[in-house]
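Structure, as structure tokens:
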Amino acid sequence: MNSEKTENVSSVTKLSVNINKVATIRNARGGNIPDVVQVALDCGKFGADGITVHPRPDERHIRYEDVRLLRGRLAVEFNIEGNPVSRFMRLVLEVKPHQVTLVPDEAGALTSDAGWNTVTHCSFLSDIVKGLKQSGIRTSLFTGTDLRMIENAAKTGTDRIELYTGPYARQYAQDREAAIRPFREAALFALSCGLEVNAGHDLSLANLRYFIAQIPSIKEVSIGHALISDALYYGLEKTIRYYKEQIEPAAGDDVPQP
Ligand code: PXP
């Protein structure tokens, strides 16, 4: 596949801001500074298309209570990520976000660093997906670029997959064409299986524009660590604008190029 060719698909990728890191700062001191709900509302006001939270079992950043407080407050899409253990499932079925992204992370994992083995977990995931869809919640399964895993993801009945972009981000600086190749192939294959495709992990101002230019059919990117870090320098409002400009570049953009 020629990685210089772009897809003949026009769609505008949505930016969902992952606010876990905001909760990490709050939790460092107790109290409610910064106010996670206010930050989520402001992200929407500043142009984000969605908010993502990832309540982990140890609640070291977003807490289950934060998720309940966000319920019904957002004017933008709400995406909740996590491993579908029973407590997580009770939460999402209560809160009913627009989308739930199922992630196979271990309890103590530093961050999500691998997608599902959709072959081994096909029947488990199918049941979970069915339950979520019956409640009117769109589903997405976190996957790598292995085509067999994507083919099996489709068999679970999920609406979308989210491609784990860590490997892309790691290889980008050395060889971006090689870095994007498996992702283009995976995204095109997923589309051919009837799946919509999200992407996330380690996306940043350095690597986002190329990713979207090469795979414009991506429905949504969810970005946390780099975006919240950039906000320390540029402020949240400008940072969200810069990220949106990576997705939809226009004449006169003043995006800083790292
Ligand atoms: N997608 C998933 C499934 C994640 O677990 C995370 C991190 O919480 C992200 C996307 C966002 O990754 P990053 O913080 O590196 O932007």
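For the chain, a crude dipole built from +1 on the beta carbon of Lys and Arg and -1 on the beta carbon of Asp and Glu, taken about the Cα centre, is about 580 debye to the nearest 20. Per residue, the range 3-249 exposes an accessible area of 44 Å² to a 1.4 Å probe, with every protein chain left in place.
Taking +1 at the Cβ of each Lys and Arg and -1 at the Cβ of each Asp and Glu, which of Pro84, Gln134, Ala187 sits farthest along the dipole of the chain towards its positive end, judged by Cα position relative to the Cα centre? Toward the positive end, the furthest listed residue is Gln134. Rounded to the nearest 0.05, the FRET efficiency derived from the C-beta distance between Ser135 and Phe189 at R0 = 35 Å is 0.75. Over the chain, Cα pairs under 8 Å with separation of 6+ residues give a relative contact order of 22 percent. Per the 1.4 Å probe, what fraction of the accessible area of the chain, in percent, lies on carbon and sulfur atoms? So the carbon and sulfur contribution to the accessible surface is 51 percent. Place a label point 7 angstrom from the Cα of Thr24 along the Cα-to-Cβ direction, then list the residues of the range 57-85 whose backbone nitrogen is under 13 Å away. From the range 57-85, the list is 60-62.
Take the cross-link list Lys130/Lys244; Lys155/Lys244; Lys133/Lys244; Lys21/Lys244 and give me the ones stretching past 31 Å between alpha-carbons.
Lys130/Lys244; Lys155/Lys244
The values are calculated or read from the model by the stated rules, or taken from the named source; none is laboratory data. This one's a predicted model, so the numbers in the text were calculated from it and none came from an experiment. When we count neighbours, we look across all protein chains shown, and the Cβ atoms used for this are built from the backbone with ideal geometry, even at glycine. When the accessible area is computed, the model is the full protein with side chains, heavy atoms only, and any ligands, DNA or RNA have been set aside. Shrake-Rupley method; radii C 1.70, N 1.55, O 1.52, S 1.80 Å.
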